[in-house]
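Enquirer: One structure coming up, written as structure tokens, with questions to follow.
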Ligand SMILES: [Zn+2]
């Protein structure tokens, strides 16, 4: 079983080079110009396409078990494949919460049977996401969890967070925080600033995010533990991460595509698909996040794919659930925000979505190296398309990008040499 991808531009660590890629028995067998046996391989013409390592997402919500009306592992992984993702990590705020080996194993088993991309569960840091008793992290790791997180909620008690960081470090597990001080959020609906005043919605100060980023970075440095800061959305948040990284703390960080492109101005019209946690910020924040990605302060881009049922969004703005269905627009949004205006080269953006996240959680993939599993995304860098959420494979149609024109689209996705998305839907 051989597949030859030819006439494409290979995305390699040292840049983009024309060449062929041969897949054999699910692995990358050869790449380059010549010197390999293609034999009776099935030929895929990649003229005009980038041949990239499959995208890797460190932060998503697949909603199963418990919230199958929002998303399932079957629908979520198909949406991921359509977005070019070949590996996704899923957060623990399911029902039951993923705070035991049994739930971690259930997710892995379901993913194997019903999913089309690789799924890596993230276990809860505290039992029931209650921020009190620590979860059995050793057991979670043994059953396949790649990190621990109470994402969706911040661990409010600073000493509990310190203990979680210390305990996780015994197992070599990164702790992913959800930086939000709920007292400061104070039931706010959107970013606090000009637009919250104009629209008459209660604001969320950026301090709600930044104080917890500072607290958690400080604690991680104190106990020498591995912290991954989730969905940085403010200029100040990036500055804090930069400061602690310079001091040598073992900290990494992500931002999400929507913070690089959408702003709080988009809330004008009260479209609840713009309601997300942390909230959409300003143009200046987006510019600072782009600078932080370029200087390595922010290590990677993760979708925070958070699909919701229409009933959770068809409410008055402040009551609507927070979250954006992100898999199917991530590449296009990032391409439009970063590559089209010239902030990043294609290979720089793709490294933030492939090799960088793989390294952060020690996941396989993120490379086209010979011998590695053939997790590959073919990307059309010049495709212009209009987002139509009704065509999403995700059950969650909640996106502020519906109707927007984006540049850059995934044409095909392979996982272990098997085509899991062929561009037809
Ligand atoms: Zn979160």
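Enquirer: Pairs needed: first member in the stretch 366-390, on the phi > 0 side of the Ramachandran plot; second member anywhere, part of a strand (DSSP E or B) and at pLDDT 95 or above; C-beta distance under 8 Å; at least 6 residues apart or different chains.
Expert: 366/53; 366/56; 371/27; 371/28
Enquirer: Is at least one residue of the stretch 54-69 under 21 Å from residue 359 (Cβ atoms), modelled with pLDDT under 95 and out of contact with any helix residue (DSSP H, G or I) (no Cβ under 8 Å at 6 or more places or on another chain)?
Expert: No, because not a single residue in the stretch 54-69 is under 21 Å from residue 359 (Cβ atoms), modelled with pLDDT under 95 and out of contact with any helix residue (DSSP H, G or I) (no Cβ under 8 Å at 6 or more places or on another chain).
Enquirer: Okay, next question. Yes or no: the stretch 219-233 includes at least one residue that is farther than 24 Å from residue 361 by Cβ, assigned to a loop (DSSP other than H, G, I, E, B) and touching a strand residue (DSSP E or B) at 6+ places or on another chain (Cβ under 8 Å).
Expert: no
Enquirer: Among the numbered criteria (1) assigned to a strand (DSSP E or B); (2) modelled with pLDDT under 95, which one does residue 425 miss?
Expert: (1)
Enquirer: Still on this structure, please answer the following. If I filter the stretch 362-375 for residues that are touching a helix residue (DSSP H, G or I) at 6+ places or on another chain (Cβ under 6 Å) and within 16 Å of residue 259 (Cα to Cα), do I get at least one hit?
Expert: no
Enquirer: Could you look through the stretch 70-87, keep only residues that are in contact with a helix residue (DSSP H, G or I) (Cβ under 6 Å, 6 or more places away or on another chain) and farther than 26 Å from residue 22 by Cβ, and pick out the one that is surrounded by the most Cβ atoms within 10 Å (Cβ to Cβ)?
Expert: The extreme case among them is 73.
Enquirer: Could you please give the count of residues in the stretch 209-218 that are touching a residue at least 40 places away in the same chain (Cβ under 8 Å) and either buried (at least 22 other Cβ atoms within 10 Å of the Cβ) or part of a loop (DSSP other than H, G, I, E, B) (or both)?
Expert: Residues that pass the stated criteria total 3.
Enquirer: When the stretch 300-314 is examined, which residues are found to be surrounded by fewer than 24 Cβ atoms within 10 Å (Cβ to Cβ), in a loop (DSSP other than H, G, I, E, B) and either touching a helix residue (DSSP H, G or I) at 6+ places or on another chain (Cβ under 6 Å) or touching a residue at least 60 places away in the same chain (Cβ under 8 Å) (or both)?
Expert: Of everything in the stretch 300-314, just one residue is surrounded by fewer than 24 Cβ atoms within 10 Å (Cβ to Cβ), in a loop (DSSP other than H, G, I, E, B) and either touching a helix residue (DSSP H, G or I) at 6+ places or on another chain (Cβ under 6 Å) or touching a residue at least 60 places away in the same chain (Cβ under 8 Å) (or both), namely 309.
Enquirer: Tell me which residues, restricted to the stretch 263-283, are under 21 Å from the mean Cα position of the chain (by Cα) and either within 16 Å of the ligand (Cβ to nearest atom) or without any contact (Cβ under 8 Å) to a residue 12 or more places away in the chain (or both).
Expert: 275, 276, 277, 278, 279, 280, 281
Enquirer: Quick one: which helices (runs of 4 or more DSSP H) sit completely within the stretch 101-175 and have at least 1 residues that are within 16 Å of the ligand (Cβ to nearest atom) and at pLDDT 95 or above?
Expert: 158-170
The values are calculated or read from the model by the stated rules, or taken from the named source; none is laboratory data. A quick note: this is a predicted structure, and the numbers were derived from the prediction, not measured. Cβ atoms come from the backbone with ideal geometry, glycine included; neighbour counts cover every protein chain shown.
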